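Novice: Below is the structure I would like to discuss, written out as structure tokens.
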Amino acid sequence: MALALATCSPPPPEGPYLNRGNGGEIRSLDPHYIQGQWEANVLGDLQMGLATEDARSRPIPGAAESWSVSPDGKTWTFHIRKHVWSDGVPVTAQDFVFAWRRILDPKTAAPYAYNMWVIKNARAISAGTLPTTALGAHAVDDRTLVVQLEHPANYLPELLTHEAAYPIPLHTYRKYGNAWSRVKNYVSNGPYVVKDWIPNDHVTLVKNPLFYDARHVQIRTVRYFNTPDAQSALTQFRGHQLDTQDPYPAAAIGWLRANIPNDIKSVPYLGVDYIAMNMRRGPFKDARLREALSLAYDREAIVYKIRRIGETPAYNMIPPGVANYPNMAALDFKPLPYPARIAKARALMRQMGYGPQHRLHLVYATSTNPDQRRSAAVIQQMFRAIYVDMTISSVEIAQHLARMQSHDFDIANASWIADFNDASNFLDLLRTGGDNNYGSYSNPKFDALMDKAQQTADLAERGRLMEEAEQLALNDYAWLPCYFLLTMDIVQPWVKGWVPNIRGFNRTRWLRVEGRPRE
């Protein structure tokens, strides 16, 4: 243990600093190649989109100091703030146009390219049927960017805080190509610059003196530590090696509440935990199997007996609190008591030819997160009751994401945290051919409803159409919703300015340290 703590705790830097336990190892500093919340935490301290987040994670002007919208909601004009990259080169509208064309280029194979499909012609560019130059984003001059949309999108400022919409420094890309994102070449326009990256240990960021609002940034150094084992991270937190940790171990919630209740910063989150079922594999093409598994999964037992941190059982896909959404869709068996669900699931399995003497063998893919492995063992028992023998396969979180995106699984634990507060951000996961459509669900009627909703300006009608699409996917058992998430942060009392919020971001820019115990 002493060796592990020493490895994870280099000497404290000079000046105000913050050590953040960040869950997994980041894969890149290039915003076009990341996809995890832990990676977005790091990139959000380095780069700044046209809009950025305030202390409550609400969108505020960022690289754009202001913007205006046409009466039809389809043309947005952004006025770029007079600010510079960390090497002193001005940030321009061309940096955004270049970045957005690059992320949409099929050759980039960016996992979040579809987030930009709201821009005119973006989807066709991703499909390879139009050149990147057809994108509806044009630099009028260095400080004026005009963006034309496919449809009105009142959520655009929040979307523009996402890493998919970050700029890329065109001048360094021209010099280094894709190597622009290596530490030695990296420049940023946000409050921090990268100092070092020790793989499988930590990334060190230091205050960017050229950031336009540097005078209000109080933390001089922030280190993001790779903490895949939440229980071990809690030990480091208790020893003051970590100032913040996400996630804390759900298994320790009793101890946390009894000993450091004020350090727990859990609030409802725009996120859902679910099980993806791979419809590229024969058994899952039968909706009866997908329904049977969903019936056998005891949401209340997982939430109230296993995890016990206050999450809500999920019988639909869209979390409470999503804007402009009626949120009335639900799995049809929700009123059934659990014994009746098991009886129905067994009947479905027998219809497919399974039973005590002919059991179905599946592999359940999950990460090495101790809480997920603990839940997996319980799910294994639940499925055993309906003639399913389940083997558990756990790998590090980045590998787990990679195998889900390559559809290399039978069933897999997954979660989704909103990139922006709109129901489409969840439902787009089920569009035919989507990069994050892990189970390869495809229903032309679902896609048509989503297309129609996106072209509908009336927010109430748009919400109704998306709810119809959600209910259709639920009736198809497109995935198995498990529970709606809470944020899972623990924060030391000397970290000030932390505001728990529904998006789950707490940028270091807004934090400060007061009264840290002496080392």
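Novice: Starting from the 7 Å offset along Cα-to-Cβ, what nm value, one decimal, do you get for the label separation of D72 and M328?
Specialist: 3.2
Novice: Could you work out the per residue convex hull volume over the alpha carbons of the range 31-96, in cubic angstrom?
Specialist: About 129 Å³ per residue, rounded to a whole number.
Novice: Another question, if that's okay. Compute the length gained on full extension between R373 and E300: take 0.36 nm times their separation in residues and subtract their Cα-Cα distance, giving the result in nm to one decimal.
Specialist: That works out to 24.5 nm of additional length.
Novice: Something else now. Could you pull out the pairs from K107/K265; K175/K207; K305/K452; K265/K305 whose alpha carbons sit more than 32 Å apart here?
Specialist: The pairs that break the limit, which is 32 Å between Cα atoms, are K107/K265; K305/K452.
Novice: Report Rg (one decimal) and Dmax (nearest whole number) for the range 393-433, counting Cα atoms only, units Å.
Specialist: Spelled out, the Cα radius of gyration and Dmax of the range 393-433 are 12.0, 33 Å.
Novice: Right, something else. Rounded to two decimals, what is Rg over Rh for the range 315-406 when you use alpha-carbon atoms and the Kirkwood radius?
Specialist: With Rg and the Kirkwood Rh in hand, the quotient comes to 1.05.
Novice: Expected output is a single nm value to one decimal: the length gained when fully extending between H216 and A460, i.e. 0.36 nm times separation in residues minus the C-alpha distance. What is it?
Specialist: 83.8 nm
Novice: Moving on to the next point. Using 15 Å as the cut-off for backbone N distance, which residues of the range 429-449 belong to the label zone defined by a point 7 Å from the Cα of R280 along Cα→Cβ?
Specialist: Under 15 Å, as judged by backbone N against the label point of R280, lie 432-442 of the range 429-449.
Novice: For the chain, what is the accessible area per residue in Å² when the probe is 1.4 Å?
Specialist: Accessible area per residue: 38 Å².
Novice: Per residue, how big is the convex hull around the C-alpha atoms of the range 7-132? Give it to me in cubic angstrom, could you?
Specialist: 158
Novice: Over the range 252-330, consider all pairs of different Cα atoms and compute the Kirkwood hydrodynamic radius from their mean reciprocal separation; express it in Å, one decimal.
Specialist: Result for the range 252-330 stands at 15.4 Å.
Novice: Calculate the FRET efficiency for K82 and R27 from the Cβ-Cβ distance with a Förster distance of 30 Å, rounded to the nearest 0.05.
Specialist: 0.35
Novice: How much of the pair distance distribution for the range 243-283 lies past 14 Å, counting alpha-carbon pairs only, in percent?
Specialist: 65
Novice: Further question: Starting from the range 382-456, pick out the chymotrypsin sites (Phe, Trp or Tyr not before Pro) whose DSSP state is loop and whose Cβ has at most 11 other Cβ atoms within 10 Å.
Specialist: Taking the range 382-456 and a limit of 11 other Cβ atoms within 10 Å, no loop chymotrypsin sites (Phe, Trp or Tyr not before Pro) are found.
Novice: Let me ask something additional. Return a whole-number percent for the relative contact order of the chain, with Cα pairs under 8 Å and 6 or more residues apart as the contact set.
Specialist: Relative contact order here is 20 percent.
Novice: Shifting gears a bit: Output the antiparallel fraction of DSSP beta bridges having both residues in the chain, as a percent to the nearest 5.
Specialist: 75
Novice: Hey, any idea what % of the chain's accessible area is carbon plus sulfur with a 1.4 Å probe?
Specialist: Carbon plus sulfur share of accessible area: 53 percent.
Novice: Which translational diffusion coefficient, to the nearest whole µm²/s, is obtained for the range 58-111 from the Stokes-Einstein equation, given a Kirkwood hydrodynamic radius over C-alpha pairs, 20 °C and 1.002 mPa s?
Specialist: Translational D for this selection: 162 µm²/s.
Novice: Sum -39500 (n - 2.57) across every DSSP H segment of at least 4 residues in the chain, then divide by the residue count to get the 222 nm mean residue ellipticity, nearest 500.
Specialist: Using -39500 (n - 2.57) per qualifying helix, the result is -7500 deg cm²/dmol.
Novice: If I take every Cα pair under 8 Å that is 6 or more residues apart in the range 191-300, average their sequence separation and divide by the length, what percent do I get for the relative contact order?
Specialist: Worked out over the range 191-300, it gives 13 percent.
Novice: Under 5 Å between amide H atoms, partner at least 5 residues away or on a different chain: which partners does L485 have, H built in plane at 1.01 Å?
Specialist: For L485, the qualifying residues are Y269, G271, V272, D273.
Novice: Can you give me the orientation-averaged projected area of the convex hull built on the Cα atoms of the range 346-478, in nm²?
Specialist: 9.6
Novice: What spacing in nm lies between the two simple spin-label points modelled at K195 and H407, each 7 Å away from Cα in the Cβ direction?
Specialist: Taking the simple label geometry, K195 and H407 are separated by 4.6 nm.
Novice: About the Cα centre, and with charges only on the beta carbon of Lys, Arg (+1) and Asp, Glu (-1), how big is the dipole of the chain? Nearest 20 debye, please.
Specialist: Result for the chain is approximately 660 debye, rounded to the nearest 20.
Novice: Here is a further query. What's the whole-number percent of alpha carbon pairs in the range 48-197 lying beyond 19 angstrom?
Specialist: 52
Novice: Given a Förster distance of 45 angstrom, what is the FRET efficiency for Q381 paired with I60, based on the Cβ-Cβ distance and rounded to 0.05?
Specialist: Calculated value: 0.40.
Novice: Now for a separate question. In Å, what is the Rg of the alpha-carbon atoms in the range 291-330, and how long is Dmax?
Specialist: Spelled out, the Cα radius of gyration and Dmax of the range 291-330 are 12.1, 33 Å.
Novice: Of F98, A109, P152, whose Cα points farthest to the positive end of the dipole of the range 97-155 (charges on the beta-carbon: +1 Lys, Arg; -1 Asp, Glu; origin at the Cα centre)?
Specialist: Selected residue: A109.
Novice: Additional query: Give the longest segment of the chain that steers clear of trypsin sites (Lys or Arg not before Pro) in DSSP loops with at most 13 neighbouring Cβ atoms within 10 Å, not counting the sites themselves.
Specialist: 281-517
Novice: Per 20 Å bin, what is the whole-percent P(r) computed from every C-alpha pair distance within the chain?
Specialist: Reading the bins upward from 0: 22, 55, 23, 1.
Novice: While we're looking at this one, here's another question. Modelled label-to-label distance, H361 and D451, 7 Å Cα→beta-carbon offset: nm?
Specialist: 4.3
The values are calculated or read from the model by the stated rules, or taken from the named source; none is laboratory data. All figures in this text were calculated on a predicted structure; none of them were measured in a lab. All Cβ positions, glycine included, derive from the backbone under ideal geometry; neighbour counts span all protein chains shown. For the accessible areas, the whole protein counts, side chains as well, though only heavy atoms, and no ligand, DNA or RNA atoms are used. Shrake-Rupley method; radii C 1.70, N 1.55, O 1.52, S 1.80 Å.
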